[in-house]
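Structure first, then comments.
The values are calculated or read from the model by the stated rules, or taken from the named source; none is laboratory data. Just so we're clear, the structure is a prediction, and the values are computed from it rather than from any experiment. Cβ coordinates were reconstructed from backbone atoms using ideal geometry, including for glycine residues, and neighbour counts include every protein chain displayed.
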Amino acid sequence: MTTDSRPSADEVPVEVARQELERLLQDGRFHAAKRNRAFLRYICEEQFAGRSNRLKAYCIAVDVFGRPADFNSSADPIVRIEANRLRSALDNYYRAFGSVGDVRLHIPKGRYVPVFTRTCHLPEDAHDPSYAEGAFEQPHQERQERGTRQWRLATLLTAAAGCVICAVGAWMYQRPVFIEKPIVAVRMMTLTADGSPQALAVYDQFMAALAGYRSLRVAASADEHDEAARWSPWRTTAVNRYAIDLKFYSASSGQNIWWQVSRPGSGDIIETGVQTANRLLDPDQVQQMLVLPLVRKLASLRGVINGAEMRDESSSLGNGCLLRAEYALDSMRTDRFDVAKTCLRSTLTSRPDDADSEAALSRLIVAQQLGRPEPAGMGEALSLARSAGRLHRIPIVPTYR
């Protein structure tokens, strides 16, 4: 099903498109928030009803996200942000489980109109011997008969080659990508009337505290804008980049740090806020009451950046597995231990020298065996812990909190 009114051999009928929508929304493996599921159903139903011309940011904001009638998309980017999250959830699902069914749903960037497409398959009778020999009327002359057979054979080989290319492309598209720890660049601006010395001191304190978290890497320059987070079928590794903008300012009633986390590549704003102290502080108090709580809010296990990583990379190896393991350990959700262990083992199969994954897997094994230790399991945990320490001399308990 496409928005083009011209008939197409690959066009998906409305009934088939609706079946794919319902199947997707009922599949527990499709990781999307409730509001994004409502978003997806809304734009699909509008498309089915022939009202794709209404799929604009204003209508979606008012009908789906409950924004008022005076909604302004320039001031409130809610639709664009949620659309990016929905696209990411769809891409992750079809990369992991694209072999289910022969129809796929995606939302092109820059638009909110859903597109249903068919996947590639061999012709149904491609394996029937008569496909190559008896599908066409045979000429009486031997030369014409030979030419027809050759043409049919060439057609069959071309179809087979096309499907091999599709299969390889699908494998490249669906294979897990190893996600490195995110890279964070920090930019500081000051609104104080007496210059920037105090803002620079806050910046130094912020950078020192941020560097203590092993869940991310701090960029050397705030001017780095990299497209590495964009997925490519030819890549096996990727890294997400984030920019943290800070503005430190003082007022008669206190001191504040305005902050914003965004993605440099796409320009998407992830979250914005203000860290406030309701009185004037000396430098040590600024660090304890403003800087350190803000760093924890942004970089801790359940902070803004790791939350974005969990939403975007829920089906990838590497950092996503580490975060799932840390979430399970932090909440002692034993029902999630096995999934986290499987993910970490897959990561170590892809990258055997990943010390962080070895340390996290060791801790999971120990936590799972509390109260009923088994020699084999504890032996594996000890071996993993020793290997992690030997590889990079890292602490067995990474700094996520």
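Would you point out which residue out of A61, A75 is part of a loop (DSSP other than H, G, I, E, B) and of a type in the set (A, V, I, L, M, F, W, C)?
A75
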Checking R279 against (1) surrounded by 15 or more Cβ atoms within 10 Å (Cβ to Cβ); (2) touching a strand residue (DSSP E or B) at 6+ places or on another chain (Cβ under 7 Å); (3) not acidic (D, E), which single condition isn't satisfied? (1)
How do the pairs read when you match residues in the stretch 104-116 that are over 15 Å from V79 (Cβ atoms) and in the same structural domain as R37 (by TED's automatic domain parsing) with residues anywhere that are surrounded by fewer than 17 Cβ atoms within 10 Å (Cβ to Cβ) and basic (K, R), using Cβ under 8 Å and keeping only pairs 6 or more apart or on different chains? R104/R118; H106/R87
Checking E358 against (1) surrounded by fewer than 17 Cβ atoms within 10 Å (Cβ to Cβ); (2) part of a helix (DSSP H, G or I), only one condition comes out false. Which one? (1)
